[in-house]
Amino acid sequence: MCDLLSELPWVSHPRSEEDDPDLPLPWAWAAAVRGDTDDSSPVSCQVLVVGGYGPDAGSSTEVLDLEASVSSTEFIHLFNLKKTAVAEPHSFGERSPRRQTDEKIIDGRRIAAALCHDVKTAARELQSKYGVTPGLAIIEVGNHNYGQLLDFSGLEPDGPEKLDEHKVNLSNYAELKARMAERCGMHVQILRFSETVTQARLIRIIQGLMEDESIHGILVELPLPQHLNEMEILQAIGPSKDVDGLAFANLGRLMIGGGYKSGAEPSSRPTVPMGVMELLLRSKVDLPGKHAVVLGRSSTVGAPIAALLTAHDCTVTTCHSQSVKVEEHIARADILVSCAGRPGFVRGAWLKPGAVIIDVGMNVVPEGGKGRIVGDVCFEEAVRVASKITPVPGGMGHISFAILLRNVLNLARSAAQLTRIGIGPTGHEMFRCADHLRFPDLGLKVPRVLLPRQGLDFTKWCVIACDQYTSQPEYWKAVKDIVKDAPSTLNLIFPEVYLGDAKGNQQIIRGIRDKMYEYDRDRILEPQHPGFVLIDRKTPHVSSRKGLLVALDLDMYSFEKGSQSLIRPTEKTIPERLPPRIAIREQSPLELPHILVLIDDPSKTVIEPLMARADTFPKLYDFDLMKGSGHLRGWHVAESAAVEGVVAALRSLASPENFRRRYEAAENQGVILFPVGDGNHSLATAKQCWENLKRKGADPETHPARHALVELVNIHDPGMTFEPIHRLVFNIDVDKALKDLQADVEKRGWGPLQMLTGTLATLRNKEKGVHYVEFRSQKRSGVLAIAHSPLVLEVATLTAWLDPYLAGHPSMSVDYVHGEEVIAEKTAEAASNLAFLFPIMDKNDLVKTVVKEGVLPRKTFSMGAADEKRFYFECQRIVPEFTFFKSDFFRRGSVSVPLSER
């Protein structure tokens, strides 16, 4: 074994006493081999590779497992490949930059190592959980010299390091990819062909690999011999197995919004452009609003990089061989990405101070009869000016290879119907996302919400639910005065206080639709990574009410009488109230949720564990609500463990055995997991619109309108209070109505009905089983005591008389009121106004009552007072993303403003 180690001249590079202590060492290596063997016998061992750059030299370690079938010769060959692939210098000019420049270096090696670690972990998990091993096929034609890899075997301990040109066979480079992929938990096939192979045969081979379910990615080593049509061979690889991201379908999707359009994401993305973005984002470079210059316009590198930077809100200038005064463009660049292929082209004097430099160039220049690899940017000049810079080598090479391995992994995950790792529908994900975003058994989906961009006034953006303060137009006028011209959800909703004639309604609806398009066009709304939103709401009455924003499946919701659906209303749905809401939603590309859905979770297993670790989640917002309505905080819950914890807890609550035991339900009764609290008519509207879309042919598997955005709230949350919803009847003969009520109660056999003096608050000695309802008018007030109602709730008893009575008197109208302030005001205004007030119901009995008796009468209870209602903040698309571009809004060039005349 000592003989074997002695054959590795790069085993270590110790610092000598004469070395400058301020000059960090290049990569330091050490290897320790466990196992005994002759030079000719197979090696079964573990190898520890120790490396590190600059002040971190010797700090990174990696353990490689070698099979017994590896011979000594192969062992040394493997490490020569490892050495040449990894041990690269850090600069153009100085081979070891001094420490004062280290903080400027974007270390591609370190970022690539982190990526490869993620890939390896995810690949092992994919195999253990789902029995899927990512498979890569590498096609290699001929035995050409691929190019140059770096040879570190000629290090001189007492002098500057020299780079020798080291030509390797293409098979060695393909073999390196294969071995690295295998070390990341993948299986690899290398298919080698002579230079005389025909194009037809190669295409047949690719077609066979496309049909092989064990192969998830196909890679063709380039260049190909001249008699082969490179484009046709590459395009024979379908998008679903295109490791390099060069299939036209994948490249085309990348060019549309950077590949981040929902439903139009590419299967994979080119490695170099994605590597550039990975370096920028992992180095925490701020992108929105920055001026980026891309040198180069190739279809596989320059153009995709420009598209990706544009998608991240950069202002992008692309320079190419025909551009004039390139240095003037570069001088304005906050971010420079050079992929020109011209060594030392960009001079330090051209750069804007503080610019970020990503050097994609890999060029060979002669030096002392040998060659060394340099970038497009003159490093020793640029590093003095730039705030961050990638060295060449040591920047792009490793990260591109790590992206390639991630592409293989994600193609395997996509084939297994799982989410991608590291890149989601909204862009790069620096967290481990959940394997699934939809859970059909629960009717649950992890939503991809849109939030107002940072920098806006969130207090003005956020307004209360549209069905509040319907008798107080002065409230909404005050809201308009607060918002003024600022971006606000006030422009995206239709406050019910303004509902009027059809023509006026349509004008407001058109204004709402136009504002939605405008906010999307101007990036007022920004899509987030798929994830739940953990919410903490402080109200004027409670210090905290916890919630979780999710999306629920409308196919698992029904408001029909006798429904046994998993998602169902707690109160009666009035179909006549839906048409105005349907008219609004059918013309809207976005939905804004004010629906509160309950979960009966006495053990607090769903939301409360998330809140206990809220500080570990990214915070999305934290601000005061308008008009003294409290405070709102939100966190992004997207990581795999958190999502899976929520799903597991909900599945326990949805267990049929647990359901029957808790509610004494019959065997034929369906589980109710999500009873709808506030906003049932809004959810019913979403259901009707979705049914209409399905009748027209909408795809249930992909259409975004299938899932509605709601906030889950635990009934047992101390901040969740139930308030009665009172009835305020206008244009009624009070004396006549009370006599009719008494007669109706007696006729039903629920009497006697007594009229007591006082109020619900002052009434003493209430008898069990008697329903007490307070009434108030300008001249009369008191408490109605109904002795023998068979119904559970007082509101149900009164509704049994009131609804038919109103139907028989069309001149009358009713409003549903929270709190007593409005009642005091309105009953004092006119003698023809009559109010009925109800006692508070016990929230703990809600679900059991619905299971036993069915839905409650409409507007039975309110989850909190009016100023505790949900405020609009998050949005969700309910049309396919490209539908935005079909609107006549973009052709008209002007918008109408909702509520402008109100």
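The values are calculated or read from the model by the stated rules, or taken from the named source; none is laboratory data. Since we're looking at a predicted model, the values are computed, not measured. Here the Cβ is made from the backbone with ideal geometry for all residues, glycine too, and neighbour counts use every protein chain on show. SASA here: full protein model, heavy atoms, side chains in, ligands and nucleic acids out. Shrake-Rupley method; radii C 1.70, N 1.55, O 1.52, S 1.80 Å.
General observations
- Surface accessible to a 1.4 Å probe, per residue, for the residues of the stretch 179-324, Å²: 42 Å²
- Positive minus negative residues near ALA307 (Lys, Arg vs Asp, Glu; Cβ under 12 Å): +4
- A cut-off under 13 angstrom between Cβ atoms defines the neighbours of ALA434, and their net charge, with Lys, Arg +1 and Asp, Glu -1, is +2.
- Packing rank of 573-581, 363-371, 789-797, where each peptide gets the mean count of other beta carbons within 10 Å, highest leading: 789-797, 573-581, 363-371
- Candidate lysines - alpha carbon under 20 Å from LYS484, same-chain residues fewer than 8 apart omitted: LYS460, LYS515, LYS627
- Kirkwood hydrodynamic radius of the stretch 217-258, from inverse mean 1/r over distinct Cα pairs, in Å: 10.9 Å
- Here the peptides 382-393, 344-355 are ranked by packing, the mean other Cβ count within 10 Å, and the order with the highest first is 382-393, 344-355.
- From the C-alpha gyration tensor of the stretch 259-356, square roots of 5λ in Å: 23, 15, 12
- Whole-angstrom gap from the stretch 755-799 to the stretch 573-592, using each part's C-alpha centre: 36 Å
- Radius of gyration and Dmax over the Cα atoms of the stretch 657-793, both given in Å: 21.9, 61
- Projected label distance in nm at ARG192 and VAL542, using a 7 Å step from Cα toward the beta-carbon: 7.0 nm
- With a Förster radius of 30 Å applied to the C-beta separation of ALA331 and ARG523, the computed FRET efficiency comes to 0.65.
- Distance (nanometres) between label positions extended 7 Å along Cα→Cβ at ASP622 and LYS561: 5.2 nm
- If R0 equals 41 Å, the separation of the Cβ atoms of GLU664 and GLU821 corresponds to a calculated FRET efficiency of about 0.55.
- The trypsin sites (Lys or Arg not before Pro) of the stretch 672-718 meeting both criteria, a DSSP state outside H, G, I, E and B (loop) and at most 15 other C-beta atoms within 10 angstrom of the site's C-beta, are LYS696.
- Ligands, DNA and RNA left out, the 1.4 Å accessible surface of the stretch 387-465 is 56% carbon and sulfur atoms.
- Each peptide in 780-787, 217-224, 181-188 was scored by the mean count of other Cβ atoms within 10 Å over its residues; highest first, the order is 217-224, 181-188, 780-787.
- With R₀ fixed at 35 Å, the C-beta to C-beta distance from ALA830 to GLU586 puts the FRET efficiency at about 0.40.
- Carbon and sulfur %, accessible surface of the stretch 782-828 computed with the full protein complex present, 1.4 Å: 59 percent
- Pairs exceeding 21 Å between alpha-carbon atoms, taken from LYS561/LYS852; LYS561/LYS848; LYS572/LYS747; LYS604/LYS843; LYS503/LYS826; LYS480/LYS859: LYS572/LYS747; LYS503/LYS826; LYS480/LYS859.
- ALA181 sits among other residues whose Cβ lies under 12 Å from its own Cβ, and their net charge, with Lys and Arg +1 and Asp and Glu -1, is +3.
- Area projected by the alpha carbon convex hull of the stretch 722-777, averaged over all directions, nm²: 5.1 nm²
- Translational diffusion of the stretch 453-599, µm² s⁻¹ [Kirkwood Rh, Cα pairs; Stokes-Einstein; 25 °C; 0.890 mPa s]: 139 µm²/s
- Relative to the compact-globule estimate of 2.2 N^0.38 Å, the Cα radius of gyration of the stretch 586-698 comes out at 1.35.
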